[in-house]
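A short write-up of the structure that comes next.
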Amino acid sequence: MTVQAGSTDQALRARARGVIPGGMYGHMSMEPMPPSYPQFMARGEGPRLWDVDGREYVDFMCGWGTIVLGRQHQAVDAAVASQLSNGDCLNGPGAVMVDLAELLVDTIPHADWSMFAKNGTDATTMSVTIARAATGRRRVLMANGAYHGAAPWCTPGPSGVLPEDRAFIAKFEYNDVDSLRAAVAEAGDDLAAIIVSPVRQDNRRDQELAQPEFAREVRDLATASGAVLILDDVRCGFRLDVGGSWEPLGVRPDLTAWSKAIANGHPLAAVTGIDSLAEAASSIYTTGSFWFAPTAMAAAITTITLLRDTDAMAHTHRMAELMREGLAEQARRHGLSIRQSGPAAMPLVLFDGDADLSVVAGWADECVKRGVYLHPWHNWFYTASHQPEDIAWALERTDEAFAATAARQAAS
């Protein structure tokens, strides 16, 4: 199932190079990926995808985390169709915006209010802006290697970014209390915010769950210094805990950035915050022509309600554990040593001794050839639409991929 010369996918790539810089851009460019990865997709249903050449996949990327219930989910699609029949981009928001804000405040223990946008970068940038407005300070602390969006203040790439764009950003090591304390001390009375993700989820390295003592120290230091604690729950939100990803740790942020899974694939982001930051939030200017469109908000109401009131999230975690156990057993049987890090529902699989990631890239390529869509160095995602038969189907093919990998290892 390697993408073939002369395929529809290759023809589209050639056309794209004539009218799109680089042919594709950002994290959805397949140019850095192994050769079997398609660039262009045709459709999706439940946990499955089809590319433009008709190849079918069981999907473990799920729209890079935007799909949480499954594609073409009947209830979500019905809510969208109902709202869309009355229009989308109107001259103001629909009543559904108030309904969604109330739902978030009722569902998230640390939320007293909500604001809306369209993607995760919007939400994290709004959060930093609110924190600076509230404190009158400039400095923001973030973890080394952390990703908080695609804006000059936080984007990982240096091209087009000025040193001045990051003049008031300082770094600490995730899960390292001493590093965090030192960064807070250096920022002094100019510290506006600490922004942190619930899990260390840098690409190309093992994921790390937040150690409870680290999470508590982040909270305590922010409080003691008068800074705002921002939890970047864009990637993990509505996947690990419907009330917020650090809720099981008993650590509550002042602001939380949400996106990805909030509306089961419909474009939406949110910032939720505590009462004491509401005035600062109302004082900043932030807007977008499409931010108040009600269809994505209708999708979010249905998505969040189902995640809160059904076993959709628990089922997703069961499917993720089933896949994790199967992969571990297969790797052992083929004499391969793998590491599965991060939450089971958002895992990363790497191979021991694979410093340049060539082994995992080869294994992932073998998986995609066989119709299992996953990523070699970014964490995966699961949905509530994955069923035991989908996991079994995928594991048959990952087993073949492990066999091919083991054979290459033996021949090298």
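The values are calculated or read from the model by the stated rules, or taken from the named source; none is laboratory data. On a predicted model such as this, the values are computed, not experimentally measured, just so you know. All Cβ positions, even for glycine, are placed from backbone atoms using ideal geometry, and neighbour counts span all protein chains on display.
So which of THR302, THR316 ends up being in the same structural domain as CYS367 (by TED's automatic domain parsing) and either closer than 27 Å to TRP393 by Cα or not aromatic (Phe, Trp, Tyr) (or both)?
Values: THR302 fails: in the same structural domain as CYS367 (by TED's automatic domain parsing).
Step by step, each of THR302, THR316 is checked, and only THR316 is in the same structural domain as CYS367 (by TED's automatic domain parsing) and either closer than 27 Å to TRP393 by Cα or not aromatic (Phe, Trp, Tyr) (or both).
On the basis of being surrounded by fewer than 22 Cβ atoms within 10 Å (Cβ to Cβ), touching a residue at least 60 places away in the same chain (Cβ under 8 Å) and not hydrophobic (A, V, I, L, M, F, W, C), does GLN201 make the cut?
Details: surrounded by fewer than 22 Cβ atoms within 10 Å (Cβ to Cβ): no; touching a residue at least 60 places away in the same chain (Cβ under 8 Å): yes; not hydrophobic (A, V, I, L, M, F, W, C): yes.
The answer is no for GLN201.
Could you give every pair whose Cβ atoms fall below 7 Å, whose first residue belongs to the stretch 384-412 and is within 29 Å of LEU69 (Cβ to Cβ), and whose second residue is among the charged types (D, E, K, R) and surrounded by 14 or more Cβ atoms within 10 Å (Cβ to Cβ), counting only separations of at least 6 or pairs across chains?
ARG397/ARG370; ALA401/GLU366; ALA401/ARG370
Quick check, is ASP190 touching a residue at least 24 places away in the same chain (Cβ under 8 Å) and more than 18 Å from ASP232 (Cβ to Cβ)?
Numbers: touching a residue at least 24 places away in the same chain (Cβ under 8 Å): yes; more than 18 Å from ASP232 (Cβ to Cβ): yes.
Answer is yes for this residue.
For residues in the stretch 309-326 being over 11 Å from PRO388 (Cα atoms) and in contact with a Phe, Trp or Tyr (Cβ under 9 Å, 6 or more places away or on another chain), which is surrounded by the most Cβ atoms within 10 Å (Cβ to Cβ)?
That would be MET313.
Considering only residues that are over 20 Å from ASP202 (Cα atoms), at pLDDT 95 or above, more than 16 Å from the chain's Cα centre (by Cα) and in a loop (DSSP other than H, G, I, E, B), which ones fall in the stretch 109-161?
The answer is PRO109, HIS110, ALA111, ASP112, GLY136, ARG137, ARG138.
Residue by residue through the stretch 377-401, note down the ones that are among the hydroxyl-bearing types (Ser, Thr, Tyr) and out of contact with any strand residue (DSSP E or B) (no Cβ under 9 Å at 6 or more places or on another chain). Give the derivation first.
Filtering the stretch 377-401 down to residues among the hydroxyl-bearing types (Ser, Thr, Tyr) leaves 382-383, 385, 398.
Answer for the stretch 377-401, where residues must be among the hydroxyl-bearing types (Ser, Thr, Tyr) and out of contact with any strand residue (DSSP E or B) (no Cβ under 9 Å at 6 or more places or on another chain): just TYR382.
Can you spot a residue in the stretch 349-368 that is closer than 27 Å to VAL76 by Cα and either in contact with a Pro (Cβ under 6 Å, 6 or more places away or on another chain) or assigned to a loop (DSSP other than H, G, I, E, B) (or both)?
To start, the set of residues in the stretch 349-368 that are closer than 27 Å to VAL76 by Cα comprises none.
No, the stretch 349-368 contains no residue that is closer than 27 Å to VAL76 by Cα and either in contact with a Pro (Cβ under 6 Å, 6 or more places away or on another chain) or assigned to a loop (DSSP other than H, G, I, E, B) (or both).
Condition (residue is under 22 Å from TRP380 (Cβ atoms), at pLDDT 95 or above, in a helix (DSSP H, G or I) and among the polar types (S, T, N, Q)) applied to the stretch 300-307: is it met by at least one residue? Give the steps one after another, and end with the answer.
Narrowing the stretch 300-307 to residues under 22 Å from TRP380 (Cβ atoms): 303, 306-307.
Still in the list and also at pLDDT 95 or above: 303, 306-307.
If we keep only those that are in a helix (DSSP H, G or I) as well, we get 303, 306-307.
Now drop any that are not among the polar types (S, T, N, Q), which leaves 303.
Yes: one or more hits.
Mind checking which residues of the stretch 26-79 are of a type in the set (Val, Ile, Thr), touching a Phe, Trp or Tyr at 6+ places or on another chain (Cβ under 7 Å) and either surrounded by 20 or more Cβ atoms within 10 Å (Cβ to Cβ) or assigned to a strand (DSSP E or B) (or both)? Steps first, answer last, please.
Looking only at the stretch 26-79, we keep the residues that are of a type in the set (Val, Ile, Thr), and these are 52, 58, 66-68, 76.
When the remaining residues are screened for being touching a Phe, Trp or Tyr at 6+ places or on another chain (Cβ under 7 Å), the result is 52, 58, 68.
Those that are of a type in the set (Val, Ile, Thr), touching a Phe, Trp or Tyr at 6+ places or on another chain (Cβ under 7 Å) and either surrounded by 20 or more Cβ atoms within 10 Å (Cβ to Cβ) or assigned to a strand (DSSP E or B) (or both): VAL58, VAL68.
Select, from PRO343, PRO253, the only residue that is in contact with a strand residue (DSSP E or B) (Cβ under 9 Å, 6 or more places away or on another chain), buried (at least 17 other Cβ atoms within 10 Å of the Cβ), of a type outside the set (Phe, Trp, Tyr) and outside the structural domain of ALA117 (by TED's automatic domain parsing).
Values: PRO253 fails: outside the structural domain of ALA117 (by TED's automatic domain parsing).
The match here is PRO343.
Taking the condition surrounded by fewer than 22 Cβ atoms within 10 Å (Cβ to Cβ), in contact (Cβ under 8 Å) with a residue 24 or more places away in the chain and assigned by TED's automatic domain parsing to the domain that holds PHE40, does ALA361 pass? Give the steps one after another, and end with the answer.
Numbers: surrounded by fewer than 22 Cβ atoms within 10 Å (Cβ to Cβ): yes; in contact (Cβ under 8 Å) with a residue 24 or more places away in the chain: yes; assigned by TED's automatic domain parsing to the domain that holds PHE40: yes.
Yes: the conditions hold for ALA361.
With respect to the numbered conditions (1) of a type outside the set (Val, Ile, Thr); (2) surrounded by fewer than 19 Cβ atoms within 10 Å (Cβ to Cβ); (3) in contact with a Gly (Cβ under 8 Å, 6 or more places away or on another chain); (4) outside the structural domain of VAL368 (by TED's automatic domain parsing), which one is the sole condition not fulfilled by GLY120?
(2)
Tell me which of these GLY288 doesn't satisfy, since it passes every other one: (1) under 23 Å from the mean Cα position of the chain (by Cα); (2) part of a helix (DSSP H, G or I); (3) of a type outside the set (Val, Ile, Thr); (4) assigned by TED's automatic domain parsing to the domain that holds TRP258.
In the conditions (1) under 23 Å from the mean Cα position of the chain (by Cα); (2) part of a helix (DSSP H, G or I); (3) of a type outside the set (Val, Ile, Thr); (4) assigned by TED's automatic domain parsing to the domain that holds TRP258, GLY288 misses (2) alone.
Working only within the stretch 353-393, note down all residues that are acidic (Asp, Glu), out of contact with any helix residue (DSSP H, G or I) (no Cβ under 9 Å at 6 or more places or on another chain) and over 30 Å from LEU307 (Cβ atoms).
Taking the stretch 353-393 first, the residues acidic (Asp, Glu) are 354, 356, 365-366, 389-390.
Going one step further and asking which of them are out of contact with any helix residue (DSSP H, G or I) (no Cβ under 9 Å at 6 or more places or on another chain), we end up with 356, 389.
Residue satisfying the conditions is ASP356 alone.
Determine, yes or no, whether GLY23 is assigned to a loop (DSSP other than H, G, I, E, B), within 26 Å of ASN379 (Cα to Cα) and touching a strand residue (DSSP E or B) at 6+ places or on another chain (Cβ under 8 Å). Reasoning before the result, please.
Working: assigned to a loop (DSSP other than H, G, I, E, B): yes; within 26 Å of ASN379 (Cα to Cα): yes; touching a strand residue (DSSP E or B) at 6+ places or on another chain (Cβ under 8 Å): no.
No; evaluated as a whole, the condition is false for this residue.
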